[in-house]
Amino acid sequence: MPSLLLLSSACYAGTFLTHALDNLQDFIGQHRLEGQTIALVPFASVLRDYATYTQGVQEALKSLPVQIISVHTDLSLVDTCGGFLMGGGNSFKLLHDLYKYNLLDKIAQRVRQGVPYLGWSAGANVATPSIHTTNDMPIIYPPSLKALDLFPHHINPHFVGGKHHQGESRQERLAEFLALNPSSVVDALPDGACLWVQEGHARYLHPHNTPMLQITHPYNATPLSPGASFEL
């Protein structure tokens, strides 16, 4: 099983990635990434150019003992980096460009061979079998919705319960997905949450006492508290 740190969101409590710094530091330390180059994949960004996006990530993570370089400046980083940092934004745009630049299989192969992977929001979505459970609009069409398939469950980031408009609730939309994909499992992650995946199991983490939901067909939602682990 690959080594993954999958964050629901970059922004939480009004800050960018601050809530995840301790987990990121621990993940880097455990995988001995100090001093290594981490390849940032910024292709989910739509309204900010990649250079601006990269600068924001580098500034937010400047306390970490790694060098963050974006693959938009050098695609060959995918073959040599010590770890991957898959940024958030629009999941369809991210997956589209992973196909466009022939990076999907390359990244998946390296992560399965032991290169650690960190991703948030769209970057967490593409780590799963597909992006069917993203919240994003399909503003561009990737060749397929099939993603990296590094984590066997689907993820719904930024999860909120209840109805917040007159259309379907998030629960109802996930129930529709599971009705057509009854063997799938959806991990519904609230903002601030992350999954630390290693050696065939995942541990749920959150800076506050906010549970996640693990959802199976026909919408059986099991709450998991921070610190809970489950096998994959």
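Restricting segment 217-232 to residues that are in contact with a Pro (Cβ under 8 Å, 6 or more places away or on another chain) and part of a strand (DSSP E or B), the residue that is surrounded by the most Cβ atoms within 10 Å (Cβ to Cβ) is LEU224. Hey, can you tell me all the residues within segment 34-47 that are within 19 Å of the chain's Cα centre (by Cα) and either in a loop (DSSP other than H, G, I, E, B) or within 14 Å of LEU98 (Cα to Cα) (or both)? Within segment 34-47, ALA39, LEU40, VAL41, PRO42, PHE43, ALA44, SER45, VAL46 meet the criteria.
In this structure, is ILE139 at pLDDT 95 or above and touching a Ser or Thr at 6+ places or on another chain (Cβ under 9 Å)? Spelling it out, it is not the case that ILE139 is at pLDDT 95 or above and touching a Ser or Thr at 6+ places or on another chain (Cβ under 9 Å).
Scanning segment 133-176 for residues that are among the hydrophobic types (A, V, I, L, M, F, W, C) and either out of contact with any strand residue (DSSP E or B) (no Cβ under 7 Å at 6 or more places or on another chain) or open to solvent by 50 Å² or more (accessible area, probe 1.4 Å) (or both) gives MET137, ILE139, ILE140, LEU145, LEU148, VAL160, ALA175. When the test is whether a residue is touching a residue at least 60 places away in the same chain (Cβ under 8 Å) and touching a Phe, Trp or Tyr at 6+ places or on another chain (Cβ under 9 Å), GLY123 passes it. The residue that is nearest to the chain's Cα centre (by Cα), among those in segment 86-122 that are part of a strand (DSSP E or B) and not aromatic (Phe, Trp, Tyr), is GLY119.
Among the conditions (1) crowded, with 22+ Cβ neighbours inside 10 Å; (2) within 16 Å of SER121 (Cα to Cα), ILE28 misses just one, which is (2).
The condition of being closer than 24 Å to THR128 by Cβ, free of Cβ contacts under 8 Å to residues at least 60 places away in the same chain and surrounded by fewer than 18 Cβ atoms within 10 Å (Cβ to Cβ) holds for only one of ASP105, ASP97, ASP74, ASP49, that being ASP105.
The values are calculated or read from the model by the stated rules, or taken from the named source; none is laboratory data. Source: prediction; values computed, not measured. Note: ideal-geometry Cβ built from the backbone for every residue, glycine included; neighbour counts use all protein chains shown. When the accessible area is computed, the model is the full protein with side chains, heavy atoms only, and any ligands, DNA or RNA have been set aside. Shrake-Rupley method; radii C 1.70, N 1.55, O 1.52, S 1.80 Å.
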